[in-house]
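S.K.: Shown below is the structure under consideration.
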Amino acid sequence: MTAQSDCCVKVSLRIRPQMANEKIEGCHICTSVTPGEPQVLLGKDKAFTYDCVFDLDAKQHEVYGACVQKLVEGCFEGYNATVFAYGQTGSGKTYTMGTGFDVSVADEEKGIIPRAVRHLFQGIQKRRTEAQAAGGHPPEFKVSAQFLELYNEEILDLFEGARDRKSNIKIHEDSSGGIYTTGVTSRLVTSENELLDCLKLGALSRTTASTQMNAQSSRSHAIFTIHLCQMRVCQLQVNGEVNGEEDGVSEGSISQPAYETLTETESRRFQH
Ligand code: ADP
Ligand code: MG
């Protein structure tokens, strides 16, 4: 099997707790999670299996730890990752992704995006500190963000003012089938707070139209993308030649660090 045909899509299921009105209406909980298995029973006998299943009482950090942590670590090694929340209005996508942006949200209530943003900047700091402690050249990082909204077949740039939002965004496909956009505003950020500010700013300018099930729902799809560009020392260069062996510095030679650049995209896509 070639690497390309390897399936790297994982699907997790999260069951949210009942809301107050559902409790008042006496709604029954019709799901039961099989202990120790990523399986849910609907009613008594309809079983569905996923990569992970989170029951009513699952905490935000558990979801992050099981589904997202490794993806962010992978970004530091050059892998792209997308987290996509899918579900009916009111099912908990905004809560899980953490894009409600209620400023007063307690740390343990924070969802995937704020956690990933923190993780990313802590990861950057950790790698710099480790390289410095080891007496090496610290890696350099560049972080930028884009925030798009898909609404009624239209792509809007959430980092643009209302008038310019429909700007010149174009969707293209490259020769290997990869989808990319042009004309999208990219914001360069240097800290966790700056990146969160971008997210808040974009989230605020989203088109909101309430639906019966959820007064906060914007009925649009939003895609928040973080680009991470890392320049780090990769191999030892001996007398102008790249030497692949880690301990391959011959005595008396002048060693120069060679840098490699990794660019990764960590996109968070969610529907409100
Ligand atoms: P969606 O974005 O899918 O339309 P929301 O994330 O807005 O749904 O969730 C609907 C309501 O349920 C919100 O009031 C939200 O705070 C609450 N909710 C969703 N998931 C959970 C959860 N796991 N724990 C506690 N409350 C939740
Ligand atoms: Mg929502």
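S.K.: Could you tell me how many of the residues in the stretch 81-106 are surrounded by fewer than 16 Cβ atoms within 10 Å (Cβ to Cβ) and more than 14 Å from ligand 2 (Cβ to nearest atom)?
M.R.: 5
S.K.: Take the residues in the stretch 69-122 that are within 16 Å of ligand 1 (Cβ to nearest atom) and among the aromatic types (F, W, Y), then tell me which one is farthest from the chain's Cα centre (by Cα).
M.R.: Only one residue tops the list, namely F101.
S.K.: Name the pairs whose Cβ atoms lie under 6 Å apart, with the first residue in the stretch 79-95 and among the polar types (S, T, N, Q), the second open to solvent by 100 Å² or more (accessible area, probe 1.4 Å) and within 15 Å of ligand 2 (Cβ to nearest atom), and 6 or more positions between them or separate chains?
M.R.: Sorted first by the residue in the stretch 79-95, then by its partner, the pairs are T89/M213.
S.K.: Name the one entry in E130, E109 that is farther than 13 Å from S12 by Cβ, within 16 Å of ligand 2 (Cβ to nearest atom), open to solvent by 40 Å² or more (accessible area, probe 1.4 Å) and acidic (D, E).
M.R.: None of the other options fit; the residue is E109.
S.K.: Here's a check for you: in the stretch 182-206, which residue that is in a loop (DSSP other than H, G, I, E, B) and touching a residue at least 60 places away in the same chain (Cβ under 8 Å) is nearest to A145 (Cα to Cα)?
M.R.: S191
S.K.: Then there's this: How many residues are surrounded by 11 or more Cβ atoms within 10 Å (Cβ to Cβ) and either of a type in the set (A, V, I, L, M) or part of a loop (DSSP other than H, G, I, E, B) (or both) if we restrict to the stretch 172-181?
M.R.: Summing the residues that are surrounded by 11 or more Cβ atoms within 10 Å (Cβ to Cβ) and either of a type in the set (A, V, I, L, M) or part of a loop (DSSP other than H, G, I, E, B) (or both) in the stretch 172-181 gives 0.
S.K.: Another question, then. If you scan the stretch 112-127, which residues turn out to be of a type in the set (K, R) and surrounded by fewer than 20 Cβ atoms within 10 Å (Cβ to Cβ)?
M.R.: Listed by number, the residues that qualify are R118, K126, R127.
S.K.: A further question follows. In the stretch 37-78, what residues are without any contact (Cβ under 8 Å) to a residue 40 or more places away in the chain and in contact with a Pro (Cβ under 7 Å, 6 or more places away or on another chain)?
M.R.: Listed by number, the residues that qualify are T49, Y50.
S.K.: I've got another one for you. Give the residue that is least open to solvent (accessible area, probe 1.4 Å), with candidates limited to residues of the stretch 47-69 that are of a type in the set (D, E, K, R) and in contact with a strand residue (DSSP E or B) (Cβ under 9 Å, 6 or more places away or on another chain).
M.R.: D55
S.K.: Is it fair to say S255 is modelled with pLDDT under 85, over 24 Å from I113 (Cβ atoms), small (G, A, S) and surrounded by fewer than 12 Cβ atoms within 10 Å (Cβ to Cβ)?
M.R.: So S255 fails the test.
The values are calculated or read from the model by the stated rules, or taken from the named source; none is laboratory data. Worth saying up front: this structure is predicted, and the values here are computed from it rather than measured. Here the Cβ is made from the backbone with ideal geometry for all residues, glycine too, and neighbour counts use every protein chain on show. Ligands, DNA and RNA are excluded from the accessible area calculation, which covers all protein heavy atoms including side chains. Shrake-Rupley method; radii C 1.70, N 1.55, O 1.52, S 1.80 Å.
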